[in-house]
Every structure is written in structure tokens, then in C-alpha cells.
1. Tell me which residues, restricted to the stretch 244-262, are of a type in the set (Val, Ile, Thr) and either part of a loop (DSSP other than H, G, I, E, B) or over 21 Å from Val208 (Cβ atoms) (or both).
2. List pairs: first residue in the stretch 244-260 and in the same structural domain as Asn46 (by TED's automatic domain parsing), second residue of a type in the set (Phe, Trp, Tyr) and modelled with pLDDT of 95 or more anywhere in the structure, Cβ distance under 6 angstrom, at least six positions apart or on different chains.
3. Considering every residue within the stretch 88-98, establish whether at least one is in a loop (DSSP other than H, G, I, E, B) and either β-branched (Val, Ile, Thr) or open to solvent by 40 Å² or more (accessible area, probe 1.4 Å) (or both).
4. Can you tell which of Arg281, Arg276, Arg268 is in the same structural domain as Asp166 (by TED's automatic domain parsing), outside any loop (DSSP other than H, G, I, E, B) and of a type in the set (D, E, K, R)?
5. Looking only at the stretch 274-324, count how many residues are more than 26 Å from Arg169 (Cα to Cα), out of contact with any strand residue (DSSP E or B) (no Cβ under 8 Å at 6 or more places or on another chain), of a type outside the set (Gly, Ala, Ser) and touching a residue at least 24 places away in the same chain (Cβ under 8 Å).
6. Test of understanding: among Asp278, Asp378, Asp327, Asp298, which residue is among the charged types (D, E, K, R), closer than 25 Å to Arg130 by Cα and open to solvent by 40 Å² or more (accessible area, probe 1.4 Å)?
7. So which residues in the stretch 74-87 are within 12 Å of Ser31 (Cβ to Cβ) and not in a helix (DSSP H, G or I), if there are any at all?
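The values are calculated or read from the model by the stated rules, or taken from the named source; none is laboratory data. Note that the structure is a prediction, hence the values are computed from the model and not measured. Heads up, the Cβs are rebuilt from the backbone with ideal geometry, glycines too, and the neighbour counts pull from every protein chain shown. The accessibility values were calculated without ligands, DNA or RNA, using every heavy atom of the protein model including side chains. Shrake-Rupley method; radii C 1.70, N 1.55, O 1.52, S 1.80 Å.
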Amino acid sequence: MAVSGRQSDVKRIEAISEIGSARRLVVKIGSALLVEEGKPAIERLNSLAKDLATLREQGTDIIVVSSGAIALGAARLRLPKGGRASLADAQAAASVGQVALAQLWAQALGDHDILAAQMLVTLGDLEDRRRYLNAAATLERLLETGAVPVVNENDSVATEEIRFGDNDRLAARVAQAARADAVLLLSDVDGLFDRSPDEAGATLIDQVEGVTPEILAMAGDGSSSGLGSGGMASKLEAAQIAGRAGIMLAIINGSRLSPIAGAIASDRGTVFLPVRSDSARKAWLGGRLARKGTLIVDAGCVSAIAKGASLLAAGMTRVEGEFQRGDLVQVDGPGGEGLGQGLVEYSAAECRAICGLRESEQEAKLGYAPRAAVVHRDHMVRS
């Protein structure tokens, strides 16, 4: 089935109270909310399933991104440290836990006559463009049939080097692929606070337009906002990923019963409003995570990129990492400020050879006529 390349059909949702009007919604719940002392939190799961059923009755397509496989599997296998003592333990725990997690969701949603569909993905499934489109088509077809996709990272085969590492960012990538209107991240706190929510005087930030350095600072090492593998920092990165596609992301408290219904009624949580709406391909590119290296550029190149120009070799001052043509690289300014990321036209060795050279000087170094750019503007997204 063909998948639209446009994001124009994404409905703008600007408040948690408007979630019920969403055309399509991605809901992420972490393992700390689903698993307690190695056992499933059945009452909380059933309460959430009821909320999801209510939204579906109102006409909202639902996609669930669910953690919990490793925690459930580790308890059943009696593995130390919750199954995270080693990569082999985590993979074994996930293999057992994925079966248990799928059964839990099938039962909880089945009680409302909703068919659950398990979908396990790896980082590569959403980093590679062809596989990303295949995943998008699968999601679309499942939703057309009336099923609720329950998505999780396939931790039974993922390694430390090639994995999302948290389901916050996975949820945002799934939302991009599914052209969802909004993402709900269920946390153990009400949302983003201006400091640790345990501190006196901590204030809930109810709305954020753009994830600025000041916002990122609120999720620093001293913040306890959001537990689990991601924490609040990963939720802010998820907001940036979703925002590229014009998708609102919200954080609400998932530790209470009927968490979504309660958040909608009280309009309580933190809403991250998108400040841009990239094309589908640019949103996918901007949301990619597996960068292979970094290109540092001078001030003149910073100005040119800000105006929409390609990155030329003459503007490069340093090359970090090892990569090949077509790999994803980060582009940084002279002070280390992130400018964006894109697909590089040269290997790392070639970039080092032509670093700082004008076009007329590059052929002698390369042994062939230089390409139009090191990173072409059509294959680059700005931060």
C-alpha cells in the first residue's frame, strides 16, 4: 500500500484537553508503570486499556508503544539486576518478556473487543528509509483493519551500539511514520518541571514552544523528572523529533488510574507545541539517531547553512569519526553548537583530505572531480 509523503494531514493539537479530537494518537507507557516487583500492574494496565477504548469509540486511531518486556522476562528467568547485568541477560529477558507483554496487552484490549497486534522494531528499521516506509505501511494497514499496534524495541536482537535505548524516542519516530497528530508519554510525574519535582517550589511547565537550551537545562543531571531508561532528557529529544513533523507531544502522569481521561479532564501535563512542519522525508532525516561522525565548520559556513546553503569543503575546519559516503553526520559550528545533520557525500578520509579547500583545489587531493557539496542542502536538516 502506498504511504503518503506529506505531513499536511496531521491535525494540530494544542492542548491535552484536545486529545479526544485527535485523528491518530501514539501512547507510550514505560516499564516502571507496567511492572511492579517483576509482576504486571494489572489494575493500571486495565485502567489504561479502558481509556484507550474510550478514545477509539470517539474515532481516534490508537498506537501503543509499550516497555516492560525485559522487566517481565527477567523476573520469570530470575536474572539479577532486572535482566540488565549484561547484554546477553537483557536479550534473553526480552525474548521471554515479549511473549508475556503481548499476552497482557491482548487480554487488556480484548476485554474491550479490541484486537492487539504486536510489532517489534529495531533502530535500523526506522533509520533505513526503505524499511521505515515498510514499517509505516504496516502500521497503516493494521489501523485500517481496526487493530491496535503495540510497538516495542526488539531488545532480543538489539545491541548497545544499535538501539533506541528508550521508548520515548521510539514513540516519536513511530508517530512520524504513522502520521499521528499527537504523542502521549506516560510518566511518573505530571510533566516537565522547572527543577526537580521533589524540590520545594518546583513549578510545572504547562506549555513549551520549541525545546530551547533553557528547557533542556531543566532536564539536567540534577532532575529526577521521569524514571526508567530515558528520563526527562529523552522525552525532550522525543519532543524535538515529533515536532519536526508538526506533531504535538505531551507528558502526563501515568501512575494514576484512568491516566488519559484524568489528564484530559484536568488539562494537566506538559504540552510541547511543534514549531515547524518538515516534509515527510526531512522529518525522517532529522529524527535519525545513528550519526557516524561530526563535521565542524567555520563561522562563514554557519551563516551560509542558516540561509539554506549546502555544506562545502571550504567551510570545514575539522572532521570527527569514521564514516562512508551516504552515512548520517552531525554538523557543528566552531563553538560546538549543533547546526543540524545530513547525509555526507564523502568518506571521512576524503573529508579530511579536502577540509578547508576550495573546489578548484579538491581534484588534486581526491583524484577525481569534486561533488557539488560535502552535505547537499536537500539532504540536510537544520536543528
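1. Of the stretch 244-262, the ones of a type in the set (Val, Ile, Thr) are 247, 251-252, 260.
The one that is of a type in the set (Val, Ile, Thr) and either part of a loop (DSSP other than H, G, I, E, B) or over 21 Å from Val208 (Cβ atoms) (or both): Ile247.
2. Partner pairs satisfying both residue conditions: Leu249/Phe272.
3. Let us first name the residues in the stretch 88-98 that are in a loop (DSSP other than H, G, I, E, B), namely none.
No, the stretch 88-98 contains no residue that is in a loop (DSSP other than H, G, I, E, B) and either β-branched (Val, Ile, Thr) or open to solvent by 40 Å² or more (accessible area, probe 1.4 Å) (or both).
4. On the way: Arg276 fails: outside any loop (DSSP other than H, G, I, E, B); Arg268 fails: outside any loop (DSSP other than H, G, I, E, B).
After applying the criteria, what remains is Arg281.
5. Looking only at that region, the number is 1.
6. On the way: Asp278 fails: open to solvent by 40 Å² or more (accessible area, probe 1.4 Å); Asp327 fails: open to solvent by 40 Å² or more (accessible area, probe 1.4 Å); Asp298 fails: closer than 25 Å to Arg130 by Cα.
It is Asp378.
7. Looking only at the stretch 74-87, we keep the residues that are within 12 Å of Ser31 (Cβ to Cβ), and these are 74-75, 82-84.
Scanning the stretch 74-87 gives a single hit, Arg84.
Results for (1) assigned to a helix (DSSP H, G or I); (2) hydroxyl-bearing (Ser, Thr, Tyr); (3) surrounded by fewer than 20 Cβ atoms within 10 Å (Cβ to Cβ); (4) not assigned by TED's automatic domain parsing to the domain that holds Ile29, shown as yes or no for each residue.
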residue	(1), (2), (3), (4)
Arg56	yes, no, yes, no
Gly59	no, no, yes, no
Ile63	no, no, no, no
Ile70	yes, no, no, no
Leu104	yes, no, no, no
Gln107	yes, no, yes, no
